[in-house]
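Following: one structure in structure tokens, then a few remarks.
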Amino acid sequence: MIAQMEWATAARVAATSPEQLLELFDRHLRDGDLEALAALYEPEAVFFTASGDRLSGRDEIRAGLADLVALEPTVGVRAVQVLSAGATALVISDWSMGVRELGGSPIRVPGSGAAVVRRQSDGEWLIAIDHP
């Protein structure tokens, strides 16, 4: 039991920079780890979907991300610019996502996004506002 608890603790990696936060998002999405993805957001975070819907709070964001995880996408996210002031940063990113169409043909969708991220009191960076 102790070994299992140590593994669970060790598996949770906290982002120590805005750039690492993007890397973790990329990794968790690629791995299909919905819970780890949701944990990258502040409890009262806001996420704007591609269709313009506003998801508020971790529970709504988790539900919205579940649809994306279900696609089993290949992803790549890269910070283009990080503008920071103290414990708050604006992260501008480029991303590319590959999915398979119903017929099995792969398609690649590029995009860019912006996120407001904040350093928490324990030093971890979390997403406050996400507009992918």
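Each value in this text was obtained by applying a stated rule to the coordinates, not by laboratory testing. Since this is a predicted model, take the numbers as computed values, not measurements. With ideal geometry, Cβ positions are generated from the backbone for all residues, glycine too; neighbour counts draw on all protein chains shown.
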If amide H atoms are modeled at 1.01 Å from N in the peptide plane, then the residues at a separation of 5 or more from T88, or on another chain, having amide H under 5 Å from its own are R119
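Might you report the magnitude of the Cβ-based charge dipole of the chain about its Cα centre, with Lys and Arg at +1 and Asp and Glu at -1, to the nearest 20 debye? Walk me through the numbers before you get to the answer.
Numbers: 11 positive and 19 negative charges, 53 e Å.
The dipole magnitude comes to about 260 debye.
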